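Below you'll find the structure, written out as structure tokens, and then a few comments.
The values are calculated or read from the model by the stated rules, or taken from the named source; none is laboratory data. All figures in this text were calculated on a predicted structure; none of them were measured in a lab. Cβ: placed from backbone, ideal geometry, glycine included. Neighbour counts: every protein chain shown.
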Amino acid sequence: MKMRLFTVSLIFLLFLASQTETVNSFQNCNQTPFCKRARSRKPGSCNLIARNVSISVDGDLTAKLIPKGEGGQIKPLALCVSVSRVGIMRVKIKMDEEDPASSSFDIVPWLQRFEARIKVRLEKAWTELEVDGGDGGRRRSLSTVVNLSEGFEAVLRHEPFEVYVREKAAGNKGRIVVSFNSNGLFDFEELNRSISFDVSFYGSDSAYGITERNALTIAPTKGPGVEEEYSKPYTWFNIDVFEYWNSPPPYNARGFYGLSPFMAAHGRNGSSGFLWLNAAEMQIDVLGNGWDAAAEDGNRMDTIWTSAAAAGSTVDTFFLVGPKPKDVVRQYTAARGRPAQPLLLVLTLQKYWLILLLIMIISYL
């Protein structure tokens, strides 16, 4: 009896040791060049501007993103903004298809359902002149506006490049709900095939999602007051080849299997969401209040999304405008589909590490 108890205890110790080895076998952000570059990038470093803005024959708002001035990125990028009747703005950025050296491709054929069932063909767009606080309040930029859904508008700012959703308001500009590249952190590395950008949720004070095992709300990973122990981005590899492990509180910053790069934010003014269709290695930073001292609007949640070798070198994102939590869920299922009940065989095979542990126990008895 004592011998059997000793054997079982030894097996569990070996199992825990294998988990530790699994954790150490993956690189952290400091060991990943593209992640280090993304975290050290300063706000406003993106020098891309939108040109040749128009509505395509497919009913999408399209533009070319080119660098302003000399230096930086040489090849232009193709931007495509499409909208749906249920309150979704889809933003796609990829290498310009007119360039024969480009090798971008769409990674999910089932998104044809999104385009066929809920996409709205844009018929018209109008231009506005924006004035911000730069250069003593005299810096001006053109913006192209299209109707998104009932109560919301999608806006493409030309210079500096930015895409955001705002509420419709009579006589003046409505409240911004969610934005892409409002902090100017977008970066598209052609040779290294890495992508990073910022997404901001306005009027939100808590965020949910992205991690596999975590507390209900997502803790900040960067900014004032964030302890050094927890100042690493949420990291995952969407694969199922290693055993389960559990990180100590307050959160688990890593995950492996069945992850969905989706984040929902909630505040007093409403809820919104963001989905990035990307299965590659990814790091996400949730920025705490005061991370950027020059930020004009502190009533928002800023996040940075970074990925190496994103699928097809394409940014394919969905902005869910809400405004209620149930609306965000409805928009998410409209874009991605409802979850299906997996086969019983699949449910069994997903627990393969338990089978391995059982085999180890039997072999030692």
### Query
Hey, any hits in the range 76-86 for a residue that's surrounded by fewer than 18 Cβ atoms within 10 Å (Cβ to Cβ), of a type in the set (S, T, N, Q) and modelled with pLDDT of 60 or more?
no
When the range 175-225 is checked residue by residue, the ones that are hydrophobic (A, V, I, L, M, F, W, C), surrounded by fewer than 21 Cβ atoms within 10 Å (Cβ to Cβ) and under 26 Å from residue 156 (Cβ atoms) are 176
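Mind checking whether some residue in the range 132-141 is at pLDDT 80 or above, farther than 30 Å from residue 173 by Cβ and crowded, with 16+ Cβ neighbours inside 10 Å?
No, the range 132-141 contains no residue that is at pLDDT 80 or above, farther than 30 Å from residue 173 by Cβ and crowded, with 16+ Cβ neighbours inside 10 Å.
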Within the range 55-68, the residues that are part of a strand (DSSP E or B) and farther than 24 Å from residue 184 by Cβ are 55
